[in-house]
Structures are given as structure tokens and as C-alpha cells.
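> So that we are looking at the same thing, I have put the structure below in C-alpha cells.
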Amino acid sequence: MTTVGFLYPGHFAEDDFPRMEILLDAVRLVVNRTEVDEDAYRIDALIRTGSPEHLAAGVEELRRAGVEAVVWASGAGSFLYGWEGAHEQTAALARAAGVPASSTSFGFAHAIRELGADRVAVASTYPEGITALFADFLHAAGIDGAVTTHAAPLGSAAEAAAWGLDQVKELAAAADRPEADAVLLPDTALHTAGHEAELEELLGKPVLTGNQVAVREGLRLAGRRAWSPRLGRIFAAREAPPAPVSVWGEGRERAHSGRRAGPRDVRE
């Protein structure tokens, strides 16, 4: 059985992970909640959730659980650090955990590339300024096509966690564009587990959600493929699709190790 660990900020939609564990075969998802000093969708408060001291405090429990990889399961708590800063964040986490580490933001980058999507639409519950920084992160990750954004700004993760499926559907539909190859919902405080296929049926295209791609990223680092049609197209194939020919570019770092990577050195 593959065991993957997640550091999740606060008490909002962490119950998505046991739901996904049930939907996946022979996978154990261990969640350790980290401290949130202030539940507010402001840049300063969100950056503090991903501070080294907060992440380091949650690692030991995951180490004892025997995890094979660790993912920082926060959207804004990772992409707000910027491309280089997010690499430093996960490199420090990997050193502390003693296993490969990554974050939700890198999970989006890898999932988009696996789907072969060139243009994406972002359905965000963050304020517009924070949403724009997520688009900047995707561009830095090598998503060269158009990234359109739609923000339905909330004030906190607690507000996002209180949303029902109908509200999530409305947000995704409002953000979708005919030219978009996929729709992204980056907020890990939204409850989406097991609803991805329903969202994809509504929109007629792949949908990537924060907690879904966090799990996909952890399994990728552990070298494990998993299948569940209820978790959307990224989990719909028993075999990995051919890797896109595009690469991230020379000089960018690997999300899971912190070492400098060459142009073809990014692990798929």
C-alpha cells in the first residue's frame, strides 16, 4: 500500500482526503493539520500559513506514519511564494521529512502538463490580486497559453469551506471559457472530492481542484498510478498518457528535491 502524507492548513476541507482515500485503491492518505494564525484571504496571512516553522512542526507525525512523499496541501500558501520561493519551500520540506516533497501549486503545473492543456481558466475564491498571482505562477511553470481568471472573492477559508456543490458549480461555470482546455479551482478549502467528474460533465472538459491535484502530486512523487473515475480525467486512465513534449526550461528547479534541473530533468 502506498502511503502519502499531507500538511493541510487548518480545519476546513481536510475531510476531502479520507473521501479520496476511499475512492482510490490501496492508497493511504495521512493528513496532519498545520496552524493557521489568521484565517483571512490576505497575502500576508496566507504567506504565514506556509512559513517554515508551521510546516516543520507538522512533519514529525508524518515521518512516524511512514509516508513515501509529502505534499503541502495549500494553494495560496504555496504559489504566493512565487516560483523560486515555492521551490525553496518544498525543498526545505523534503529535507525535514526525509522524503520527496511538493505542494498543491506544483501539483497544478504537473496535472496541466499531463492533460496536455495549453489554455486554462481559473475559478477562484481568492481576491482578484491573489488570483492574478496564481496566473503568474502558472506562466512561470511554463503554461504558455492563455490563463483567464474569474474571482468570486471570499474573505476566508471558512467561507469557502461552507460552500455547497451548487456554489462550486456556479463558480466553475462562470470561469469557463470556450477556448479553455481545462478549468482550475485552486482553493483547497473548497469541498470538491468525488465531484470532479460531475463538474467535468457540466463543463465538457477537464476540471482540476486543489485537493485532487494535491493527491495526484503525492502519488506522482511516490511513483504510484491510481484510478478513480469519480475524481475526474486526471485519475481516469489506468496508464499514464504520453508526456507532453514541452519542458519547463533550463535553470528551473525540481519541485520535489530542490536541486537545479536541466531542460529535460523534470520528473513526470
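> Give me the percent of Cα-Cα pairs in segment 133-181 that sit more than 17 Å apart, rounded to a whole number. Before the final figure, lay out the partial values.
On the way: 574 of 1176 pairs.
More than 17 Å apart: 49 percent of the Cα pairs in segment 133-181.
> A follow-up question, please. Net charge near TYR126, counting Lys/Arg +1 and Asp/Glu -1 over other residues with Cβ under 12 Å of its Cβ?
Around TYR126, the surrounding residues sum to -2.
> Using +1 at the Cβ of each Lys and Arg and -1 at the Cβ of each Asp and Glu in the chain, identify which of HIS191, GLY145, GLY129 lies farthest towards the dipole's positive end.
About the Cα centre, the residue reaching furthest to the positive side is GLY145.
> Restricted to Cα positions, what overall size does segment 84-124 have along the principal axes? Three whole-Å values, descending.
Taking max minus min along each principal axis of the Cα atoms, segment 84-124 gives 35, 20, 16 Å.
> Let me ask another. Taking segment 47-105, which chymotrypsin sites (Phe, Trp or Tyr not before Pro) meet the DSSP loop condition and have no more than 13 other C-beta atoms within 10 Å? Intermediate values should be presented prior to the final figure.
On the way: sites: TRP72, PHE79, TYR81, TRP83; in loops: TYR81.
Loop-located and lightly packed - none at all.
> Between ALA56 and GLU84, what is the FRET efficiency for a Förster distance of 25 Å, r being their Cβ-Cβ separation, to the nearest 0.05?
Working: r = 20 Å, r/R0 = 0.79.
E(calc), rounded to 0.05, equals 0.80.
> May I ask for the net charge around THR2, where only other residues with Cβ less than 9 Å from the Cβ of THR2 are counted and Lys, Arg are +1 while Asp, Glu are -1? Numbers along the way, then the final one.
Values: positive: ARG28, ARG224; negative: GLU68.
Net local charge, THR2 excluded: +1.
> Beyond 18 Å, what percent of the Cα pairs of segment 124-222 remain?
Values: 2259 of 4851 pairs.
In whole percent, the share of Cα-Cα pairs in segment 124-222 beyond 18 Å is 47.
> Separate question: Run lengths n ≥ 4 of DSSP H only: what is the helix-derived mean residue ellipticity at 222 nm for the chain, with -39500 (n - 2.57) per run over all residues, to the nearest 500? Write down the numbers at each step before the final one.
Values: 12 runs with 108 residues, N = 268.
About -11500 deg cm²/dmol.
> Which value results when the Cα radius of gyration for the chain is divided by 2.2 N^0.38 Å?
Values: Rg = 16.5 Å, N = 268, 2.2 N^0.38 = 18.4 Å.
Taking the Cα Rg and dividing by 2.2 N^0.38 Å, one obtains 0.89.
> Let me know the charge dipole size of the chain about its Cα centre in debye, to the nearest 20, where only the beta-carbon of Lys, Arg (+1) and Asp, Glu (-1) is charged.
Computed about the Cα centre, the dipole is about 940 debye.
> Now for a different question. Of GLN212, THR49, ALA96, which is farthest on the positive side of the dipole of segment 2-235, counting Cα position, with +1 on Lys and Arg Cβ, -1 on Asp and Glu Cβ, and the Cα centre as origin?
Checking the options against the dipole of segment 2-235, the answer is ALA96.
> How much length is gained if the chain between GLU198 and ALA174 is pulled fully straight, taking 0.36 nm per residue apart and subtracting their Cα-Cα distance, in nm to one decimal?
Values: separation 24, 0.36 × 24 = 8.64 nm, distance 1.59 nm.
Here the answer is 7.1 nm.
> Based only on Cα atoms, what Rg/Rh ratio does segment 1-94 have, Rh being taken as Kirkwood's radius? Before the final figure, lay out the partial values.
Details: Rg = 13.3 Å, Rh = 13.7 Å.
Answer for segment 1-94: 0.97.
All of the numbers you see were taken from the coordinates with simple rules; none came from a lab. Every value quoted in this text rests on a predicted model; they were computed, and no experiment measured them. So basically every Cβ, Gly included, is an ideal-geometry build from the backbone, and we count neighbours across all protein chains shown.
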